[in-house]
Amino acid sequence: MSASVEVHAHIEVGDHEIVVRLDDRTVILPIGVVSLAVTLHTDPPRPEELTNAIGSVADHLDDVIRDRSDLVGATLTMSGPEVTAVVAVELGGAAVLPFELERAAAEDVFRTMATEARRDRIANPGLDAILVDRIVAGSCAVVAVMRKLQLDSLTVCP
């Protein structure tokens, strides 16, 4: 009986791509915060827009999982300005990184950001005004990763 090897991965959410770094491989997903944000047409976004944004990230992750099924449940770190903003909103102030983000907290921030109009989102303590138009897309990326990889938590790092 062989011992299982713990898989470590890092996901960086960028403007136009999401980069998945595994122990031995880097995969660039052709979707990022900007491409997700342009699919969110209404303010606040309609449920189907949110579902499609989350589904787009999940579909791209499927391609990685097909080759590396051990990514599901892996020890994961995640970074990017919008990922850090999720932590800041959760804390109600500046994000102190690294931070262990629980899935329930990520889902709560997602629901809050996704259901508020821009004029209300901007008043959230911790949310940098520069990211007010990007946080919903960033939240979609975070929850898509956590759902698809069946994670209870991940570490947000700088």
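The values are calculated or read from the model by the stated rules, or taken from the named source; none is laboratory data. For clarity, every value in this text was computed on a predicted model and none was experimentally measured. Using ideal geometry, Cβ is built from the backbone for each residue, glycine included, and neighbour counts are taken over all protein chains shown.
Confirm whether L101 is of a type in the set (A, V, I, L, M) and under 20 Å from D59 (Cα atoms). So L101 fails the test.
Has region 114-130 got at least one residue that is aliphatic (A, V, I, L, M), over 22 Å from R25 (Cα atoms) and surrounded by 17 or more Cβ atoms within 10 Å (Cβ to Cβ)? Yes, because at least one residue in region 114-130 is aliphatic (A, V, I, L, M), over 22 Å from R25 (Cα atoms) and surrounded by 17 or more Cβ atoms within 10 Å (Cβ to Cβ). Among the candidates V89, V34, V20, the residue that is within 18 Å of K148 (Cα to Cα), of a type outside the set (K, R) and at pLDDT 95 or above is uniquely V20.
Restricting to region 114-156, name every residue that is touching a Pro at 6+ places or on another chain (Cβ under 9 Å) and β-branched (V, I, T). Selection gives T115, I130, V136, T155, V156. One residue alone among A37, A74 is of a type in the set (A, V, I, L, M) and more than 14 Å from the chain's Cα centre (by Cα), and that residue is A74. Only residues that are out of contact with any Lys or Arg (no Cβ under 9 Å at 6 or more places or on another chain) and surrounded by 13 or more Cβ atoms within 10 Å (Cβ to Cβ) were counted across region 47-56, and they come to 6.
Looking at region 137-149, is at least one residue within 15 Å of the chain's Cα centre (by Cα), part of a loop (DSSP other than H, G, I, E, B) and within 20 Å of T75 (Cβ to Cβ)? Looking for residues that are within 15 Å of the chain's Cα centre (by Cα), part of a loop (DSSP other than H, G, I, E, B) and within 20 Å of T75 (Cβ to Cβ), one finds at least one in region 137-149, hence yes. Quick check on D120: is it among the charged types (D, E, K, R) and assigned to a loop (DSSP other than H, G, I, E, B)? Judged against the criteria, D120 is not a match.
Residues that are under 14 Å from V136 (Cα atoms) and not hydrophobic (A, V, I, L, M, F, W, C) were ranked within region 57-100; the one that is surrounded by the fewest Cβ atoms within 10 Å (Cβ to Cβ) is P81.
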